[in-house]
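One structure is given below, encoded as structure tokens.
The values are calculated or read from the model by the stated rules, or taken from the named source; none is laboratory data. Here the structure is a predicted model, which is why all the values come from computation and not from measurement. Virtual Cβ from ideal backbone geometry, glycine too; neighbours counted across all protein chains shown. Only protein heavy atoms, including side chains, enter the accessible area calculation; ligands, DNA and RNA are left aside. Shrake-Rupley method; radii C 1.70, N 1.55, O 1.52, S 1.80 Å.
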Amino acid sequence: MLRTVTVVRSFSTQSSVLSPPPGAAMVRKLFRNASIYTPADKGSPLCGMRQAEVNRFEKGAIFTKDGKIAAVGDERSVLASIAPAHPDEEIDCLGRCIVPGFVDPHTHMCFASLREEEFIQRLEGMNYLEILERGGGILSSVRSVRGASEAELYSVCRGHALAALSFGTTTLEIKSGYGLDTQSELKMLRVIERIGRDLPLDVVPTFMGAHAIPGEYAGAADEYAALIIDEMIPAIAQQAIARFCDLFCEKGVFSVDQGRRILEAARKAGMGVKIHADEVHDLGGAALAAELRAISAEHLLSSTGENIRAMARAGVIGILLPATAYSMQKEFAPAREMVKLGLPVAIGTDCNPGTSYTESMPFVFGLAVLGMRLSISEALVASTLNAAYSIGMAEQAGSLDVGKNADFILLDGESPAILAYHAGVSPVMRVYKKAELVYAHAKARSREEEPGDAGL
């Protein structure tokens, strides 16, 4: 008899986010009769020709113990390896596809209000930097975050994180950066930390006080950079509340020199470093990422071949955000050139209220394939294993390997191609976090022949 689960939050009559009963004992589970696709984790991000290295088990199985993967592979081999042990639960996946849970390595989903009016302004011809110069963009979000209570901010962020979970994301990064003063940035980071405690997601917090120049420091970017270095970074390091520090290196925001000083201070304080680079102009952010050997450089819409090569040599991961280019009606980042030049490529949603209002990794996967021309296998690696490496989570997530968390999703298809092929919808049927069912779409609950647990 399969154990029941409890509904935590319902998005609509079509889906439910679920969690195991409090205090429930972990059990041994066998997921069988599945078409399994997983990146081949060999201890480093996959790049170049290896970006497409995906293992497939046409009739595969996963055996889990205490939420970890204990065996994975061809079903016969898995059954032989676990004999004479008997699983406490057995789930027949009816030939459907299993892939690792998505890892979303770049989000700004901790915000207080939407910016629909700016979307209209962009459609009417106003560019991103013009909106920012008029006090919109990031500065609009800053005003709303500063005015929101911690409880209000948590409620909004929680909704976005749960939506991401329903789209198959089991690990994600969330940045601060809409506070731009010490207390507001700490408020955001406390909310982000709480999201990771309260929801069945692994959440990586990133400090991004260097997201824009706040209004009170207009024309005084050096003074604001000094505030970040002298006050914000020490306060955040003292509370150990952020794993990474990111900044926006762009014309009208932070220069390469200011970015270098901020990131060097963050690294000395124990944080890893990331850079929003070359989103609008090739200001040298990608070159700075290579110089500092940052874990990742993100956006990269305007990066040159020379800087792509430099990042590849330095071991930097390129996080590409195709939904942002789509929303801003820009050319996509040169993903094919990056793969050719040996840069490990990851993809993320960039979920934010201004330029990429989506929590859907399936949508981003489809854009990566049809817009950036990644292959299905390359996009799978980019949205799982390479993304996990880009936020320091590859030991736990990103591939279906023995010893890693049993984080995976069941798709309404026979291969990951369904993510791009069935456009405009989510083919995610079920989401498992540490082998526990945490999300089920109504389609998976409405038919007797569907795989699943009793009690839904």
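Among the residues of region 303-321, the ones that are open to solvent by 10 Å² or more (accessible area, probe 1.4 Å), in a helix (DSSP H, G or I) and under 16 Å from Leu46 (Cβ atoms) come to 1 in all.
Rundown of residues vs (1) of a type in the set (Asp, Glu); (2) more than 27 Å from the chain's Cα centre (by Cα); (3) at pLDDT below 95, yes/no style:
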position: Phe11; (1), (2), (3): no, no, yes
position: Ala25; (1), (2), (3): no, yes, yes
position: Ser44; (1), (2), (3): no, no, no
position: Thr64; (1), (2), (3): no, no, no
position: Asp74; (1), (2), (3): yes, yes, no
position: Val78; (1), (2), (3): no, yes, no
position: Ile82; (1), (2), (3): no, yes, yes
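Report yes if Val72 is in a strand (DSSP E or B), within 30 Å of Arg313 (Cα to Cα) and touching a Gly at 6+ places or on another chain (Cβ under 8 Å), otherwise no. Answer is no for this residue.
The residues of region 134-145 that are of a type outside the set (Ser, Thr, Tyr), buried (at least 20 other Cβ atoms within 10 Å of the Cβ) and over 18 Å from Glu279 (Cα atoms), listed by number, are Val142, Val145.
Of all residues in region 322-336, those satisfying the criterion of being of a type in the set (Gly, Ala, Ser) and either part of a loop (DSSP other than H, G, I, E, B) or surrounded by fewer than 24 Cβ atoms within 10 Å (Cβ to Cβ) (or both) are Ala325, Ser327, Ala333.
In region 122-139, the count of residues that are part of a helix (DSSP H, G or I) and polar (S, T, N, Q) is zero. When region 96-133 is limited to residues that are of a type in the set (Gly, Ala, Ser) and out of contact with any Asp or Glu (no Cβ under 6 Å at 6 or more places or on another chain), the one that is most open to solvent (accessible area, probe 1.4 Å) turns out to be Gly125.
With a requirement of 1 or more residues that are modelled with pLDDT of 95 or more and open to solvent by 20 Å² or more (accessible area, probe 1.4 Å), the strands (runs of 3 or more DSSP E) lying completely within region 176-281 that satisfy it span 202-210, 272-277. Screening the candidates Ala151, Ala161 for the property of being open to solvent by 40 Å² or more (accessible area, probe 1.4 Å), assigned to a helix (DSSP H, G or I) and at pLDDT 95 or above yields one hit, Ala151.
Scanning region 313-330 for residues being farther than 19 Å from Phe248 by Cα and either at pLDDT 95 or above or touching a Pro at 6+ places or on another chain (Cβ under 7 Å) (or both) gives a total of 4. The criterion of at least 3 residues that are under 18 Å from the mean Cα position of the chain (by Cα) and either farther than 22 Å from Arg158 by Cα or at pLDDT below 95 (or both) is met by the following helices (runs of 4 or more DSSP H) wholly inside region 337-456: 361-370, 376-383, 385-390. From the list Gly125, Gly159, Gly135, exactly one residue is touching a residue at least 60 places away in the same chain (Cβ under 8 Å), out of contact with any Ser or Thr (no Cβ under 6 Å at 6 or more places or on another chain) and among the small types (Gly, Ala, Ser). Which is it? From the options Gly125, Gly159, Gly135, the qualifying one is Gly135.
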